[in-house]
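All remarks here apply to the structure that follows.
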Amino acid sequence: MGRINHILIVDDDRDLVDLLRQYLEGEGFVVKAAIDYASGLRAALSGNHELVILDVNLPGGSGFELLKKLRAESNLPVVLLTARGDSVDRIVGLHIGADDYVPKPFEPREVVARIRAVLRRTRGGMEKAGSDDRVIVGDVTLSPSTRTAMLAGEVLDVTTVEFDLLEVLLRNAGKVVTRDQLAQAALGRNLAPFDRGVDVHLSKLRKKLGGGQYSQDRIKTVRGSGYIYVALEQKTDLR
């Protein structure tokens with residue numbers, strides 16, 4: 001028997017919650033719901049769920065604020081519900097730390113597909129066998145089995161998506177990886193037209209990789225092709 005997944009829905013639209021609950025339970029998920037900011041935050045921090053479906057607009061506070069609070073204490077995967085066509089909400093959500101987003105209105109099947117993709121990414125490294133599965137490029141070390149990233153010997157605080165993007169880039173260091181390849185590996189889906197999800201996550205990852213022994217951007221954009229993780233020159237001590 002497969003693992004039972006506990007999903008938390010934070011949304012004040014009771015009809016939508018009932019629809020999602022019915023569909024998710026039919027797919028084998030255990031579903032709990034919260035209808036406002038305060039109860040949603042408490043439930044998300046309880047440690048009783050594997051993933052949160054979070055609406056942007058909530059009574060008592062915004063979904064963005066809830067996500068910020070959650071990210072300060074937890075890497076619990078979050079799928080954000082946004083208004084269709086509102087690219088600003090999507091970009092803001094990804095910057096704050098959402099793992100993926102689904103625009104409203106949506107097909108319940110799409111939500112299930114996104115949930116399964118996020119859970120596969122989150123657990124993928126934990127399910128890999130072997131104690132020496134590290135990926136090392138320069139001063140960056142990844143351990144997929146523990147989902148740990150290290151920069152110059154210090155733990156690097158990355159989200160699930162950022163970890164997956166970095167793993168693909170490091171395993172292909174020196175080679176161009178297309179945006180579609182990155183989207184499949186880190187988001188579990190193809191990119192839609194004008195979808196900037198990969199670019200937003202990579203922008204955040206670049207900033208987090210700004211330290212260590214190198215003085216330049218490690219992740220280079222190859223216009224019209226994708227991205228490449230390049231070998232960089234070490235910083236020079238000018239003292």
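Each value in this text was obtained by applying a stated rule to the coordinates, not by laboratory testing. Quantities reported herein were computed from a predicted structural model and do not represent experimental measurements. Neighbour counts are summed over all protein chains in view; Cβ atoms, including those assigned to glycine, are modelled from backbone coordinates with ideal geometry.
Annotations for the structure displayed:
- Förster-model FRET efficiency, 30 Å R0, Asp18 and Ser203, C-beta, rounded to 0.05: 0.20
- Cα-based Lys pair tally, the chain, threshold under 26 Å, eight or more apart or on separate chains: 26
- Contour minus Cα-Cα distance for Asp36 and Asn190 (0.36 nm per residue): 52.2 nm
- Relative to the longest principal axis of the Cα atoms of the chain, the long axis of helix 63-73 makes an angle of roughly 60 degrees.
- P(r) tail for the chain: Cα pairs beyond 33 Å make up 20% of the total.
- Between Phe106, Phe29, Phe194, the residue with the greatest mean-square fluctuation in the GNM of the chain (Cα pairs under 10 Å linked by springs) is Phe194.
- Expressed as a whole percent, the proportion of Cα-Cα pairs in the stretch 135-229 lying more than 21 Å apart is 25%.
- Highest-fluctuation residue, Val78, Val158, Val135 considered, GNM on the chain with Cα pairs under 10 Å: Val135
- Angle between the chain longest axis and helix 87-96 axis [Cα atoms, degrees, rounded to 10]: 70 degrees
- Degrees separating the helix 197-208 axis from the principal Cα axis of the chain, which is the longest one: 50 degrees
- Charge context of Leu182, other residues only, Cβ under 10 angstrom, K/R +1, D/E -1: -2
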